[in-house]
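To keep things clear, I will list the structure first and then write my remarks on it.
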Amino acid sequence: MAGRLYIPPLDLARLMPDLGMDETPITGVNLAPRRPLSMIRLEAGRPRLGQAFWGLTPPWLDVLDHAPHCARAESIASRPMFREAFAARRCLVPAAGVYVWKPQPRAKQPFLVTRADRGPLLLAGLWCRFHTDLTAFHDSLALITVPANDLLSPLTDRLPAVIPPAKAGQWLDPATPPATLHALLAPAPGELLGAFPVSRRVNDPGCQEAACAHPVGPMLRRPSKE
């Protein structure tokens, strides 16, 4: 699952040169669901940075605590909660890492999953809009998860899908065929991601100390292919 994100300041203009940015991106060392995140969506044919509540809240949802912060890629096109947003309102969440907790006999060990080169990630998501009156509205999102690859599966069973920057426009475009979208929702290549253990202080979602994201052991990674 993806219950916490690591989002330091990122060079989004370099990652997506055509990105429209009218606001300051949201950053944080230890970001949990039920709070705003920055997201990238298509507006008037151009990717633009916006904000949305992390926890999908369609208009018919009665209990906010039931708002899902993740959606499984395998059922996203069939579940009523997600299928409309998946068909027409996809987004990307820029991040540098995802926290996961490895099961151990006495206490779970937190790890930070990042790109092996520590570069930025574009996490696949979907969003919806709930109009509170004729002019006011509330946007929300959920991340889309896929099975972890064989390198990272000992740490967690699922991770957010990572969209390559070169495929970002294709992911955001509402005209992209479903088969193409599902092909993008695949486990990350083994050499793309790595993970290293971090301090258990990250267990507290209120802890925003920089040390939450500092390695306390070596990175688990697969050597890149020559």
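The values are calculated or read from the model by the stated rules, or taken from the named source; none is laboratory data. What you see is a predicted model, and the numbers here were worked out from it, not measured in a lab. A quick note on method: Cβ atoms are made from the backbone with ideal geometry, for glycine too, and the neighbour counts reach across all protein chains shown. All accessible areas refer to the heavy atoms of the entire protein, side chains included, with ligands and DNA or RNA removed. Shrake-Rupley method; radii C 1.70, N 1.55, O 1.52, S 1.80 Å.
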Checklist line | Which numbered condition Met1 misses (of (1) modelled with pLDDT of 95 or more; (2) open to solvent by 30 Å² or more (accessible area, probe 1.4 Å)) | finding: (1)
Next item on the list: Take the residues in region 135-168 that are small (Gly, Ala, Ser) and surrounded by 16 or more Cβ atoms within 10 Å (Cβ to Cβ), then tell me which one is farthest from Met219 (Cα to Cα).
Entry: Ser140
Note to self: Which count do you get for residues in region 11-22 that are touching a helix residue (DSSP H, G or I) at 6+ places or on another chain (Cβ under 7 Å) and under 14 Å from Leu123 (Cα atoms)?
What the structure shows: 2
Next item on the list: Would you check which residues across region 23-38 are within 19 Å of Leu126 (Cα to Cα) and out of contact with any Pro (no Cβ under 8 Å at 6 or more places or on another chain) and list them?
Entry: Leu31, Pro33, Arg34, Arg35, Pro36, Leu37
Next item on the list: Sort through Pro25, Pro58, Pro47, Pro68 and tell me the only one that's in contact with a helix residue (DSSP H, G or I) (Cβ under 9 Å, 6 or more places away or on another chain), at pLDDT below 90 and either closer than 24 Å to Arg115 by Cβ or assigned to a loop (DSSP other than H, G, I, E, B) (or both).
Entry: Pro58
Check: Considering only residues of region 8-44 that are of a type outside the set (Asp, Glu), open to solvent by 70 Å² or more (accessible area, probe 1.4 Å) and over 26 Å from Trp101 (Cα atoms), which is farthest from the chain's Cα centre (by Cα)?
Finding: Ala44
Next item on the list: State all residues of region 191-226 that are of a type in the set (Gly, Ala, Ser) and more than 21 Å from Arg106 (Cα to Cα); if no residue qualifies, say none.
Entry: Gly194, Gly206, Ala210, Ala211, Ala213, Ser224
Check: open to solvent by less than 70 Å² (accessible area, probe 1.4 Å), at pLDDT 95 or above and in contact with a Gly (Cβ under 7 Å, 6 or more places away or on another chain), is that true of Ala124?
Finding: no
Next item on the list: Out of Thr132, Thr180, report the one residue that is modelled with pLDDT of 95 or more, surrounded by fewer than 16 Cβ atoms within 10 Å (Cβ to Cβ) and farther than 15 Å from Gln109 by Cβ.
Entry: Thr180
